[in-house]
Amino acid sequence: MHEAFLIARREYVERIRSRAFRISTVLIPFAFAFIFGIGALSGKLSSGPKHIVVASNDAVLAESERAELMAAGKGAQLSVDVRAPIAEPELQTLNAEVDNKRLDGYLWLEVRPGTRQLEATYTSRGSADFLGKDRMQDSIGHALVREELVKRGATSEEVRALLTDVDLKTLQVTNGKAATADAGKGFWSAYLMAFMLYFAVVFYGVNVAQSVVAEKTSRVFEVLLASARPESLMLGKLLGVGAVGLTQMAVWIFFILLLSSSSLWMNLGLGGLAAYGVTPLRLIFFVLYFLLGFFFYSSLSAGLGATVSQESEVQQFNMLIVLPQVIGLMLIVYILSNPGALPVVLLSLFPPCTPIVMTLRMAAMPVPAWQLALSLVLMVLSTYGMALLASRIYRVGILMYGKRPTLPEMLRWLRYS
């Protein structure tokens, strides 16, 4: 352990003092903030000034649809005109106006004579519309209901009351008590924490493999092996790089906590981390899963890195490291919708997938204590086993150059004393 700590100290100090560490620590949060900011800005710009026409052979229906569209586009600079009643041949005039950019598009509602069958068509210069197909279909359904209510003598206030969307509040049962929970905010907090785990575990795990290959190609290990055992070198590298990752994560979490308690955060209406369901318990398990996930995948990376002789060959092993993490991210909607389902529970107890899947489950429901404890025990055992196997490959592969070893050769390395 003394040798391992000396190696870990060297790795930690060398990386902490590097310019890459300082730049990445500062730029990565700003880069993500910039990406999310651009996404939010593009969403606002996409709902910019719009000028459309509702055309129909039924004037009452057209007016009802106009009212629904204005309500659906509330807050946007939306202009909706009505041209009704008109016949289908007159749509050529509207096509010309759209083509000449005097209109962004028009909605044609045609009621078949002698029936109440309705055909709706939206025409624009692009394939996308300003509200989205689903919302436009909802507005048409509301317009039909509005028209029937007006025909049956309902007042405008009664129509508005009947068609007003109900504000559905969501509650989550925790320890037998129902507490307010925001499903949207809960989803984004779960997604962000899972993505941070994915990024950190994969990024630092690959860093370990690249570091091993770099020192192997420079023959630095031949000098180090004169004073330290291979197992100590691998353990020291894992501890050093892991401490760097934990330091970087601590800096980011500190600034998140600082921002969550600031008046700016409150003024933005975000309500701090508590509004997103990020509890102290979740933060504690987030750190535990980060550490265990890092050592699990870094051990695997160190073992695989010792078997190659060039840094370019490390990329070929990336999929093996990334795949279990990607599975959790791909199933995020299913996991959050069914956190107690048997497949999800089993996946959360499968060590390679535990960090991300269990983090998502904790965001969706109070996970039973025995499952949390079992996941930690399995992660510790699997991490120890992976480190043991990787060290056996590492101590032989670190001095192997030239031809990449085959799988049978690596299996023979595991049997060496």
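Any read-out appearing in this document is the output of simple, stated calculations on the displayed coordinates, not a laboratory observation. Just so it is clear, the structure is predicted and the values come from calculations on it, not from any experiment. Every residue, glycine as well, gets a Cβ built from its backbone with ideal geometry; the counts of neighbours run over all protein chains shown.
Less than 5 angstrom separates the built amide H of Ser79 from those of Lys50, His51, Ile52, all sequence-distant by 5 or more or on a different chain.
Per-peptide packing, taken as the mean over residues of other Cβ atoms within 10 Å, places 97-103, 345-351 in the sequence 345-351, 97-103 from highest down.
Other residues whose C-beta falls under 9 angstrom from the C-beta of Arg229 contribute a net charge of -1, scoring Lys and Arg +1 and Asp and Glu -1. Couplings 3J(HN,Hα) for segment 206-213, derived from phi with the Karplus relation 6.51 cos²θ - 1.76 cosθ + 1.60 (θ = phi - 60°), are 5, 4, 4, 4, 5, 5, 4, 5 Hz, where x marks Gly and Pro.
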